[in-house]
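Contents: one structure, followed by commentary.
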Amino acid sequence: MLIAHRGDKTRHPQNTIAAFEGAHGLGACAIQTEIQFSADDTPWCFHCGEVALPHGGSRPFAQVRDHQLARLGLTSFVQLMAWAARHRHLEWFVEVAPETLARMGADAAVAPLVRQLLPQSESVALLSRDNRSLRLARNLGCHRVALKVDSVARSLSAEVVTLAPDYLLIRDRSVECEELPPGPWQWVVYEINSAEEAVRWRARGAHHILTGNLPLLMRSREASDVYGF
């Protein structure tokens, strides 16, 4: 499947309902988004730790209040889950950054996300680089998890094999072998933005690709043939 990185970010502000609706309209079957927590400990769909302010400059996301973020047109995780409930055929990858886990602790960051995604737990995979956070998510009822790895070799480690995530995500340039090895998971390679690369990665063992150029790949007959969209 094609996974839209932050929605259709070529035509809409990324990580917003507009971007998610755009990806859905193009025919995406899965969407990835990242989560940051506000000063009120509310999860929002946002990709970095700094947020630009209307009158110039920026502030750490964790220092900005909910009412300020709402005025910026950002999308809260509650809003996303309400939208997802109306589009149950979509798959979701919800990523929690290492910096967020380090600042808040795994328990404080993971628990509120799991509580809010449980009604859509069959279609949402929590995504992280941290094994402990994913184990915690599973214990709380989020059984679909996705682990980011920095090398194929790490996928063969005892901690990853024992976790047996549903998905392993790896950056294309971090793959140090010709073919991705099989496992109890599905491989997702990112970020792939051309039809030629998409076809090549399918031949190398990728089950899915994460793309930032959804419109281009959705128009590609070659990519459609190998990924079945």
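The values are calculated or read from the model by the stated rules, or taken from the named source; none is laboratory data. All figures in this text were calculated on a predicted structure; none of them were measured in a lab. Cβ placement follows ideal geometry from the backbone for every residue including glycine, while neighbour counts extend to all protein chains displayed.
When the stretch 184-228 is examined, which residues are found to be part of a loop (DSSP other than H, G, I, E, B) and either buried (at least 16 other Cβ atoms within 10 Å of the Cβ) or of a type in the set (D, E, K, R) (or both)?
Correct list: Trp185, Glu191, Ile192, Asn193, Arg204, Gly205, Ala206, His207, Gly212, Asn213, Arg219, Ser220.
Residue count for the stretch 88-116, restricted to those that are in a strand (DSSP E or B) and charged (D, E, K, R): 2.
Every condition in (1) free of Cβ contacts under 8 Å to residues at least 24 places away in the same chain; (2) assigned to a loop (DSSP other than H, G, I, E, B); (3) buried (at least 19 other Cβ atoms within 10 Å of the Cβ) is met by Ala28 except one, and the failing one is (1). Tallying residues that are farther than 16 Å from Ala102 by Cβ, in a helix (DSSP H, G or I) and not hydrophobic (A, V, I, L, M, F, W, C) within the stretch 117-143 yields 5. Count of the stretch 187-210 residues, restricted to those that are closer than 13 Å to Arg171 by Cβ, within 14 Å of the chain's Cα centre (by Cα) and of a type outside the set (Phe, Trp, Tyr), is 5.
Has the stretch 64-72 got any residue that is in contact (Cβ under 8 Å) with a residue 40 or more places away in the chain and either under 21 Å from Ser133 (Cα atoms) or assigned to a loop (DSSP other than H, G, I, E, B) (or both)? For the stretch 64-72, residues in contact (Cβ under 8 Å) with a residue 40 or more places away in the chain and either under 21 Å from Ser133 (Cα atoms) or assigned to a loop (DSSP other than H, G, I, E, B) (or both): absent.
Residue count for the stretch 170-181 satisfying the condition of being surrounded by 14 or more Cβ atoms within 10 Å (Cβ to Cβ) and either within 17 Å of His143 (Cα to Cα) or free of Cβ contacts under 8 Å to residues at least 24 places away in the same chain (or both): 2. Picking from Leu127, Leu118, which residue would you name as being under 18 Å from Cys45 (Cα atoms) and either modelled with pLDDT under 95 or surrounded by fewer than 19 Cβ atoms within 10 Å (Cβ to Cβ) (or both)? Being under 18 Å from Cys45 (Cα atoms) and either modelled with pLDDT under 95 or surrounded by fewer than 19 Cβ atoms within 10 Å (Cβ to Cβ) (or both) holds for just one of Leu127, Leu118, which is Leu118. Residues that are surrounded by fewer than 23 Cβ atoms within 10 Å (Cβ to Cβ) and hydrophobic (A, V, I, L, M, F, W, C) were ranked within the stretch 6-25; the one that is nearest to His87 (Cα to Cα) is Ile17.
Would you check if Glu159 is closer than 28 Å to Gly22 by Cβ, assigned to a helix (DSSP H, G or I), out of contact with any Asp or Glu (no Cβ under 6 Å at 6 or more places or on another chain) and acidic (Asp, Glu)? In short, no.
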